[in-house]
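Take a look at the structure set out below.
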Amino acid sequence: MVKRIVVGAHYGLRDWLAQRITAIYMVAYTALFVGILVGGAPLDYASWKALFSGQLMRLLTVLFFLSLMLHAWVGVRDILMDYVKAAGLRLLLEAAVILVLVGNAAWALQILWRL
């Protein structure tokens, strides 16, 4: 009989849960956003600017993009861990993914607070 001692490892539960929570939030935000669009708001620049000028909508949108980045990171990292066996190449690819995701998050923040 093999006795397995778990010392501080969560064996992926935290990442699994993070992906599920971010997915639920992104679905809720998307439903809210589709509801706003279907609600008949005009689709011109002034209406988009008015929509995102409120602090609540900006906060919800920032949370959406942060959820998207975390969700993408967990998924891509798991794929890299499964399919890229060379540790050096995997580290290089993970660093590139992190840089792209952080850059996209910074760009989203700049767009939202530039309005």
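The values are calculated or read from the model by the stated rules, or taken from the named source; none is laboratory data. Treat the numbers as computed from the prediction; the structure is a model and nothing was measured. Reconstructed Cβ throughout: ideal geometry from the backbone, glycine too, with neighbour counts over all protein chains shown.
Numbers at a glance
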quantity: Near pairs, Cβ below 6 angstrom, 6+ apart or cross-chain, from the stretch 41-62 (surrounded by 12 or more Cβ atoms within 10 Å (Cβ to Cβ)) to any residue that is among the polar types (S, T, N, Q) and part of a helix (DSSP H, G or I); calculated: Ala41/Ser47
quantity: Segments classed as helices (runs of 4 or more DSSP H), wholly inside the stretch 40-115, with at least 2 members that are modelled with pLDDT of 90 or more, closer than 23 Å to Thr30 by Cβ and of a type in the set (Gly, Ala, Ser); calculated: 55-83, 87-114
quantity: Residue list for the stretch 12-21, restricted to those being part of a helix (DSSP H, G or I) and within 14 Å of Asp78 (Cβ to Cβ); calculated: Leu13, Arg14, Asp15, Trp16, Leu17, Ala18, Gln19, Arg20
quantity: Meets criteria (under 16 Å from the mean Cα position of the chain (by Cα) and either charged (D, E, K, R) or closer than 22 Å to Gly12 by Cβ (or both)) for Trp73; calculated: yes
